[in-house]
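Q: Have a look at this one before I ask anything.
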Amino acid sequence: MNAKAVEAMNKLFRSGLVALQAGQLSAAESAFDKLLKTAPNHAGAINGLGMIAVQRGDLKAARDHWNRAVALAPEFSAPYVNLGNLDRRTAPMQAIENYRLGIARAPNDAQAVFSLASLLESVGMVRDGANLAAEALNRFAKHPGLAAIAAKGAIAEGRAADALALLEDLSLDRAGRRIAQLVHYTKVQAYDALDQPEEALKSADSGRQVLESLFPDALERASIERADLASIGALYQGRALDSAKQGPGEDLVFLVGFPNSGTEELAAVLRRHPQIKLRDDGFSVEKAIHQAFGSPAIPRGLSPETLSECRRAYDLHFGALGAAQKLRVDHMPIAAAYAGFLAELFPAARFVRFYRDPIETCLASSMRGYELTPVSSYLLRFDTAADLFNAVQSNWIAAAGELQNRLLEISYEDAKSDPSGTLSTILTFLGLPGAVPPEAIDAFGGRQGVPAGDWRRYEPFLPKSVLTRLQR
């Protein structure tokens, strides 16, 4: 192929990339398709088609394109990283492997390194993520996301002052909402570890302002969600539930509680168990409810037909168990608010509920950054976190009495003081008894909430009216 033909191909490829970055998907697709007619094995164009597919919501097509690009150009880093992005929520260990393969081929891809470090941290491999981030800062000095993850590692090692030094003089102008939140809320943890509650609350407030500046309607949406939550709970007050040991949901466990009650620590361990398939944050239930009822709200009339349709939709969205897997674990702390509906939907399902001191739970929730949703927008402030906690608790009490032997309740404080014994109790309840690996105990017992100590040092800076409501 002569130089002129090569330049024409490069120009066509660049035009596809420019269109893709501008969100002009049809134009990008046209450019890549035209290029592939001339060069059918052009891995860059195939990778670009995968990017287009994922933006259109066709995840299977995206995966097929990226796998093909890997097969055609094994040294091309981008499709490995894209596969990592695709799998980080549903198959995090596979995502970690793909990130590593991509970074090995492009070690100067700062975004890929940050994606890997943040995923390692989120699945409980805190030290691995922190070490990777700290090493990468030698190449990407003052990268705010990497600095925050390295700082989290320093905090875990008892070096909170070093963590704050890592977070000094970072430019957040181009960091994006996710990384800006991460920096602010890592400062929260550092100040908390240094026993400086007022500074911790100031950093949490800065993180909240980042969110509210981008989503000014967040608290308004939360008030709408609160009304829906109350109506769901009212459906199941005083209502007898079927406590059958057999039936729909025998292989299903709901991991519930409240944000920052301890469920994330357990999910990080169960996610790595070979006999468990774990999904996070209620995606399957939300999709199933919407598909069966035409809206995210649960209706008052629940006929056997609509429940059956909802089960089919749930099973579709959750996905089938793998060959070695025995249990589905649905991790969505807030689902304690509609446990009555879930128990009616799946009469044989089990529940593991974590609970923690109410004030510390709400304080920790309001001092942590979340992806913003109608529910998580409650957690921007201590007072609205308390509103949500009270609504969830009321709904849970209305349903829990009927769950009987399908329920295991775990204290966050007990889990922290005896992680090995707590994990053994949980696995026995799930029907998966056996020795608990030391690394699982470390992941379960070593992660810290925010704050991780006595909430009373924050008491002078918190609204007295809210403290009173939470102590009832």
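The values are calculated or read from the model by the stated rules, or taken from the named source; none is laboratory data. Here the structure is a predicted model, which is why all the values come from computation and not from measurement. Neighbour counts run over all protein chains shown; Cβ positions are idealised from the backbone, glycine included. Surface areas here come from the heavy atoms of the whole protein model, side chains and all, with no ligands, DNA or RNA. Shrake-Rupley method; radii C 1.70, N 1.55, O 1.52, S 1.80 Å.
Q: Quick one: accessible area per residue over the stretch 37-90, 1.4 Å probe, rounded to a whole number of Å²?
A: Details: 2660 Å² over 54 residues.
Accessible area per residue: 49 Å².
Q: Take peptides 251-258, 135-142 and line them up by average Cβ neighbours within 10 Å, highest first, as a rough protection proxy.
A: On the way: 251-258: 24.5, 135-142: 14.0.
So the order, starting with the most tightly packed, is 251-258, 135-142.
Q: With labels modelled as points extended 7 Å from the Cα through the Cβ direction, what inter-label distance (nm, one decimal) is found for LYS202 paired with PHE461?
A: Rounded to a tenth, the inter-label distance reads 0.9 nm.
Q: If you don't mind, another one. Of the heavy-atom accessible surface of the stretch 67-179 (probe 1.4 angstrom), what whole percent is carbon and sulfur? Don't skip to the end; give the middle numbers.
A: Working: 2570 of 5200 Å².
Within the stretch 67-179, the accessible surface is 49 percent carbon and sulfur.
Q: Still on this model: Per 0.36 nm of contour for each residue apart, how much would the distance between GLU413 and GLU157 grow if the chain were fully extended, relative to their Cα-Cα spacing? Could the numbers behind the result be given before it?
A: Working: separation 256, 0.36 × 256 = 92.16 nm, distance 2.06 nm.
That pair, GLU413 and GLU157, stretches by 90.1 nm at full extension.
Q: How much length is gained if the chain between GLN209 and LEU321 is pulled fully straight, taking 0.36 nm per residue apart and subtracting their Cα-Cα distance, in nm to one decimal? Mind showing how you got there, number by number?
A: Values: separation 112, 0.36 × 112 = 40.32 nm, distance 4.14 nm.
Gain in length upon complete extension: 36.2 nm.
Q: Here's another thing I want to ask about it. Check each of the trypsin sites (Lys or Arg not before Pro) in the stretch 1-104 and keep only those in coil by DSSP with at most 13 other C-beta atoms within 10 angstrom; list them in order. Walk me through the intermediate numbers first.
A: Details: sites: LYS4, LYS11, ARG14, LYS34, LYS37, ARG56, LYS60, ARG63, ARG68, ARG88, ARG89, ARG100; in loops: ARG56, ARG88, ARG89.
Those satisfying the criteria are ARG56.
Q: Non-local amide H neighbours of LEU252 (under 5 Å, H modeled in plane, Pro and chain starts lacking H): which ones?
A: ARG328, ARG350
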